[in-house]
1. Inspect all residues belonging to the stretch 133-146 and state whether any of them is hydrophobic (A, V, I, L, M, F, W, C), touching a residue at least 40 places away in the same chain (Cβ under 8 Å) and in a strand (DSSP E or B).
2. Just give me the residues in the stretch 1-51 being in a strand (DSSP E or B) and either surrounded by 12 or more Cβ atoms within 10 Å (Cβ to Cβ) or modelled with pLDDT under 95 (or both), in sequence order.
3. Can you pull out the residues in the stretch 102-155 that are of a type in the set (V, I, T) and more than 22 Å from S81 (Cβ to Cβ)?
4. Give the stretch 112-132 a look and list any residue that's closer than 11 Å to L96 by Cα and either part of a loop (DSSP other than H, G, I, E, B) or hydroxyl-bearing (S, T, Y) (or both), or say none.
5. Report yes if some residue within the stretch 9-17 is farther than 16 Å from L70 by Cβ and hydroxyl-bearing (S, T, Y); otherwise report no.
6. For the stretch 92-111, how many residues meet the condition of being in a strand (DSSP E or B) and under 15 Å from the mean Cα position of the chain (by Cα)?
7. Does any residue of the stretch 88-101 turn out to be out of contact with any strand residue (DSSP E or B) (no Cβ under 8 Å at 6 or more places or on another chain), modelled with pLDDT of 95 or more and of a type outside the set (A, V, I, L, M, F, W, C)?
8. Looking only at residues that are in contact with a strand residue (DSSP E or B) (Cβ under 7 Å, 6 or more places away or on another chain) and not small (G, A, S) in the stretch 102-122, which one is surrounded by the fewest Cβ atoms within 10 Å (Cβ to Cβ)?
Amino acid sequence: MGVAEKRLEELGITLPDMRPPIANYVPAVRTGNLLFLSGNIPAARPDGTEIRGKLGAGLSVEEGYEAARLAGINLLAVLKSTLGDLDKVKQIVKLLSMVNAAPDFIETPAVANGCSDLMGEVFGSRGKHARSAVGMASLPLNVPVEVEMVVEVED
């Protein structure tokens, strides 16, 4: 077990099985030393429930933060499945957080922090990244957030 996976264990996080894509795409594409991960929606909570809905229209910032963290857990599952070892992550380069938001919702960065904070907790300084956090009129399956990620990897 590598350093990153030990950190997940310390955090009490078990990576879920990867969900199959719901459309015509692949979970990740590697070109050179960059790995581009497709958008991921929140994993189910440990009790099996899922977060659904729109921020600013029924969901709180705290629920959005949790949803973004759960999306980050799915991203980590894709990384693990693709690389075999999370310690091959050299740097989390960029996150794009898309937030299912009411028109007047302005706290998309606070929601996106759920995933950003997780990457820092798991990878330390290698988890610091550039980021965009944008509001969307809707997202697939009425999820509150979808996050895609670019990662620098090493063999």
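The values are calculated or read from the model by the stated rules, or taken from the named source; none is laboratory data. Just so it is clear, the structure is predicted and the values come from calculations on it, not from any experiment. All Cβ positions, glycine included, derive from the backbone under ideal geometry; neighbour counts span all protein chains shown.
1. At the first step, the residues of the stretch 133-146 found to be hydrophobic (A, V, I, L, M, F, W, C) are 133-134, 136-137, 139, 141, 143, 145.
Adding the requirement that they be touching a residue at least 40 places away in the same chain (Cβ under 8 Å) leaves 139, 141, 143, 145.
Filter again for in a strand (DSSP E or B), leaving 145.
Scanning the stretch 133-146, I find at least one residue that is hydrophobic (A, V, I, L, M, F, W, C), touching a residue at least 40 places away in the same chain (Cβ under 8 Å) and in a strand (DSSP E or B), so the answer is yes.
2. So in the stretch 1-51, the residues in a strand (DSSP E or B) come out as 28-31, 34-40.
A28, V29, R30, L34, L35, F36, L37, S38, G39, N40, listed by residue number.
3. Keep residues of the stretch 102-155 that are of a type in the set (V, I, T), which gives 106, 108, 111, 122, 134, 143, 145, 147, 150-151, 153.
Result: I106, T108, V111, V134.
4. Listed by number, the residues that qualify are S116, H129, S132.
5. Here is the first cut: in the stretch 9-17, the residues farther than 16 Å from L70 by Cβ are 9-10.
Keeping just the survivors that are hydroxyl-bearing (S, T, Y) gives none.
No, the stretch 9-17 has no match at all.
6. Filtering the stretch 92-111 down to residues in a strand (DSSP E or B) leaves 92-101.
Next cut, under 15 Å from the mean Cα position of the chain (by Cα) only: 92-100.
Residues meeting the conditions: 9.
7. Residues of the stretch 88-101 out of contact with any strand residue (DSSP E or B) (no Cβ under 8 Å at 6 or more places or on another chain): none.
No, every residue in the stretch 88-101 fails to be out of contact with any strand residue (DSSP E or B) (no Cβ under 8 Å at 6 or more places or on another chain), modelled with pLDDT of 95 or more and of a type outside the set (A, V, I, L, M, F, W, C).
8. P109
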